Amino acid sequence: RARRTVSAVAVPVGLVLSLAVTWSSTYAAFSASTGNADNSWQTGSVVLGDSDSGAALFTSASDSALKPGSTRSRCIRIDYTGDLAADIRMYVGTPTSGATTLDPYLVMSVERGADVTSTTPVAADCSTGFTPTASPTFLYNTQQANASLADASRTLTHLKTTHPDYLNGVVVSENTAQNTYLTLRISYAVKDDNGAQNTQSSATFTWEARNR
């Protein structure tokens, strides 16, 4: 008799538990969701190159035994191919273990010429590829270094001192668009000063682009 009592109670309890599970499962089936797939991000680029592959524009081998009045111009194409608008500046420093004794006797000038295309060859000796703008655009000095009206105080010393980094650099081009090919002519002239005897200098020219 005791076994029958336990059994009779167990059946109703089992039914109650079964119903509870069924009710709970049915309730959990209601749901909703929304979303959007395939999100992605990519940064733009700032890319700067030049036509001389990083080679020196001026060397002692070609510019040795200078004397008062010695002058030379060198040209370069600066290629901006980044897809973000950027400001390009030029700055000048002395390389490690570089010489500076000729710096105060070298009058310098930096001139921007007409823009060209990616296939325009710009000769380092300025024989081809560089064309002055309609009104000459001097970024440093007021005239070409060897001109009689050039500002003689714009020496290599002054250039290095006033334009030593990007923040203080010579502004070459602002808000530069992708695929812009700039041309520059850099010139020097040795002052007629006896103090320039047996001196030498070295410099690193750097062009840097930063997006806006």
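Evaluate region 53-61: report whether one residue or more is open to solvent by less than 30 Å² (accessible area, probe 1.4 Å) and modelled with pLDDT of 95 or more. No.
Per-residue answers, yes or no, for (1) assigned to a strand (DSSP E or B); (2) at pLDDT below 95; (3) surrounded by 10 or more Cβ atoms within 10 Å (Cβ to Cβ):
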{"site": "Arg3", "(1), (2), (3)": "no, yes, no"}
{"site": "Ala8", "(1), (2), (3)": "no, yes, no"}
{"site": "Pro12", "(1), (2), (3)": "no, yes, no"}
{"site": "Ser24", "(1), (2), (3)": "no, yes, no"}
{"site": "Trp41", "(1), (2), (3)": "no, yes, no"}
{"site": "Ile78", "(1), (2), (3)": "yes, no, yes"}
{"site": "Gly98", "(1), (2), (3)": "no, yes, yes"}
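Taking the conditions exactly as written (surrounded by fewer than 18 Cβ atoms within 10 Å (Cβ to Cβ) and either within 19 Å of Trp207 (Cβ to Cβ) or touching a residue at least 24 places away in the same chain (Cβ under 8 Å) (or both)), does Thr94 satisfy them or not? So Thr94 fits the description; yes. Meeting the requirement of 2 or more residues that are open to solvent by 60 Å² or more (accessible area, probe 1.4 Å), the strands (runs of 3 or more DSSP E) wholly within region 154-211 are 170-176, 204-211. Would you check if Ser118 is crowded, with 21+ Cβ neighbours inside 10 Å and either in a strand (DSSP E or B) or touching a residue at least 24 places away in the same chain (Cβ under 8 Å) (or both)? No.
Does Ala134 qualify as being part of a strand (DSSP E or B), open to solvent by 30 Å² or more (accessible area, probe 1.4 Å) and not acidic (Asp, Glu)? Yes. Residue count for region 138-153, restricted to those that are touching a strand residue (DSSP E or B) at 6+ places or on another chain (Cβ under 7 Å) and open to solvent by less than 50 Å² (accessible area, probe 1.4 Å): 6. A single entry from Thr157, Thr199, Thr204 fulfils the requirement of being of a type in the set (Val, Ile, Thr) and under 20 Å from the mean Cα position of the chain (by Cα): Thr204.
The values are calculated or read from the model by the stated rules, or taken from the named source; none is laboratory data. If you're wondering where the values come from, they're calculated on a predicted model, not measured in any experiment. Reconstructed Cβ throughout: ideal geometry from the backbone, glycine too, with neighbour counts over all protein chains shown. Keep in mind that these areas ignore ligands, DNA and RNA; they rest on the heavy atoms of the full protein, side chains included. Shrake-Rupley method; radii C 1.70, N 1.55, O 1.52, S 1.80 Å.
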